[in-house]
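Rule-based calculations on the coordinates, nothing more; no lab input. Bear in mind that the values here come from a model prediction, so they are computed numbers and not experimental data. Cβ placement follows ideal geometry from the backbone for every residue including glycine, while neighbour counts extend to all protein chains displayed.
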Amino acid sequence: MSTGLIIALVILAIIIIALVVALPKMREKSRLRKQEHELGERREQVSSEHREQAEVREHRADEAEHRARMAELEAQKERAEAQLHAERATVHEKGLADHELVGDHERDKFAGTSAVPDRDDELSGHNGRGNEGVTGHDDAVTDGRDGAMDHRDRPLDPRDDVSDGGEQHPSRVR
């Protein structure tokens, strides 16, 4: 055997030994790379699912907040309407809106009451509610349909009321 052949065999043996030793390490590195790649894909998939869930829940939260704002506004509206009804009840309890309880066709029936004071009561300052000192004018009192002013719409004249020291009654002050 020649020295060249021996050297070639030795080099070949070294390469085979190196491959035998290095091949399992290379296989292990390849396996780890594949596992890392698979793990990366799983991470992407799971993070994508979580992001989608986050968007869905964020959308639901926005809708819930919108519904809550609408409910709050509805509650405020209901409170305002309740307050309005309470004020109307107070006005009716005090007899300050009796005229609203009597229709135009019933004015004759309720004449002389606090809802439809007599013309004489207006002129004398007595309208059935105890408002002393409120006097009327000689203007025509109508039901308001023909454009004429009724006793609530007439302009105030400070010379009209002298029964209580020249001061107008608070119910006539606008």
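Going through LYS109, LYS29 one at a time, which residue ends up being assigned to a helix (DSSP H, G or I), without any contact (Cβ under 8 Å) to a residue 40 or more places away in the chain and basic (Lys, Arg)?
Every option except LYS29 fails the conditions.
What do you reckon, is THR3 of a type outside the set (Gly, Ala, Ser) and in contact with an Asp or Glu (Cβ under 8 Å, 6 or more places away or on another chain)?
So THR3 does not fit the description; no.
Suppose we filter segment 19-43 for residues that are within 60 Å of the chain's Cα centre (by Cα) and basic (Lys, Arg); how many remain?
Qualifying residue count for the region: 4.
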